[in-house]
Structure formats: C-alpha cells, structure tokens
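K.L.:
Could you have a look at this structure, given as structure tokens, before my questions?
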Amino acid sequence: MNDLAGELLVSLGMVSSMVLLHIVGLTALLRLTRLHLDHFRTPWLTLDRLLVPLSMVTGLFALHGLEVWAYAVLYERTGAVSGWEQALFVSAGAYSTAGWVGVHVTDGWRVTAALESLNGMLLMGWSTAFLFQTLHRILQTEANHPLPEGAIATGSDHPDEADEVSGSVSPRPSRSGKGAPSGTNSRDTELMQ
C-alpha cells in the first residue's frame, strides 16, 4: 500500500471516530441539559436562562477540544510534527480552518491535516445547528418570542380575504400560531418561511 492510500485510510478512521465521538458528546449534552431542567432548575428563570446556554457552549467547546486533541495525538505520535505544542497548534489550526504558519507538517500527513479541516468545519456546523435548535426549543415559544411574526409583511389588512393575485384564501386558520398574525398578508409571510 502506498503512502497516500495509508494516509487516506488513517484519515477515514479519524473522521469516522470524530463523528462517533461527536454523536456521543451531543447525546451527553442533551441528557445533561434534560437532567438540569428536570432536577436542578433554580427559582430564578433568568439564572436558568444563563446557566443552560453557558453549560451547553462550554460542553461544545470541550467536545471540540477533545477532537482537536485526538488529531494532535495522531500528529505527535506519528512524527508528523515535532513536539506537543506544534501538534496542538497544527491540529487546532486545521480543525478551525484558520490554518497554521511556521510549523512544518511532514510528507505523508499533510492530506490528513487538510481533511481534518473539512471534518472540523462539518462538526462545528453540526454543533452550531445543535446549539441553535436546542436553545430555540427550550428558550422560545411562538407566543413569547420578542418579535411578532409577520410584523413587516406587506399586503391586505385581512389575511382571510382572497389574495388579489391568486384568488386563494390562506390554508392556515387565523391565530393558529402558524402563518401571519391578523393584519398581515398570509401569502407573503408563508413565502418567507
């Protein structure tokens, strides 16, 4: 097996391992958040609204740090770089897609560092989506969102009236929690969703 094939095989193993680690980490974060909400809520809503997101972001930071360290161990143990500081620097630079300067990665490991960048970008995007979706679910409901839905949509004052263009009536019932609030054009708001 040539060097590139071996490097690609190692890279595939690392990407697969990091995805599995990420799944386990996100599942643990969900369970810890659920544990807090079920058993450790404070009497002060504002404190919970601070503690839960702070804990989730700290947990995600630790999870990404563990993934960066896993690649750093690979680089240091294989001799791709000289020393732990350089291994961590290259791994953090690759994972975050910021890159690195002044450190030489030996031949046979540069493709792995490049693939770590793709892996890191996908895992950080996944974490961002996870964080947004989870916080939205536990912090907001449609009824208490600070901005009214459809507040700047244009059109008719009566959403149940027939649309001038299509002649149709909105399929959503008035005040169902979905669609435009009273006084906005349902068709325009639905197109934005």
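The values are calculated or read from the model by the stated rules, or taken from the named source; none is laboratory data. Bear in mind that the values here come from a model prediction, so they are computed numbers and not experimental data. A quick note on method: Cβ atoms are made from the backbone with ideal geometry, for glycine too, and the neighbour counts reach across all protein chains shown.
K.L.:
Which ones in the stretch 53-73 are surrounded by 20 or more Cβ atoms within 10 Å (Cβ to Cβ) and over 18 Å from Trp126 (Cα atoms)?
P.N.:
Tyr71, Ala72
K.L.:
Out of (1) free of Cβ contacts under 8 Å to residues at least 40 places away in the same chain; (2) small (Gly, Ala, Ser); (3) surrounded by 14 or more Cβ atoms within 10 Å (Cβ to Cβ), the odd one out for Ser16 is which?
P.N.:
Tallying (1) free of Cβ contacts under 8 Å to residues at least 40 places away in the same chain; (2) small (Gly, Ala, Ser); (3) surrounded by 14 or more Cβ atoms within 10 Å (Cβ to Cβ), Ser16 fails exactly one: (3).
K.L.:
Before we move on, is Leu88 touching a residue at least 40 places away in the same chain (Cβ under 8 Å) and either surrounded by 15 or more Cβ atoms within 10 Å (Cβ to Cβ) or assigned by TED's automatic domain parsing to the domain that holds Leu30 (or both)?
P.N.:
No; evaluated as a whole, the condition is false for this residue.
K.L.:
Check whether at least one residue in the stretch 30-42 is buried (at least 18 other Cβ atoms within 10 Å of the Cβ) and either out of contact with any Lys or Arg (no Cβ under 8 Å at 6 or more places or on another chain) or farther than 22 Å from Phe130 by Cβ (or both), and report yes or no.
P.N.:
yes
K.L.:
Test Ser91 against the stated conditions and say whether it is among the small types (Gly, Ala, Ser), assigned to a helix (DSSP H, G or I) and over 16 Å from Gly125 (Cα atoms).
P.N.:
Here the answer is yes, as Ser91 does meet what is asked.
K.L.:
Do we find a residue being of a type in the set (Asp, Glu) and either over 23 Å from the mean Cα position of the chain (by Cα) or at pLDDT below 90 (or both) anywhere in the stretch 111-133?
P.N.:
So far as the stretch 111-133 goes, no, none of its residues is of a type in the set (Asp, Glu) and either over 23 Å from the mean Cα position of the chain (by Cα) or at pLDDT below 90 (or both).
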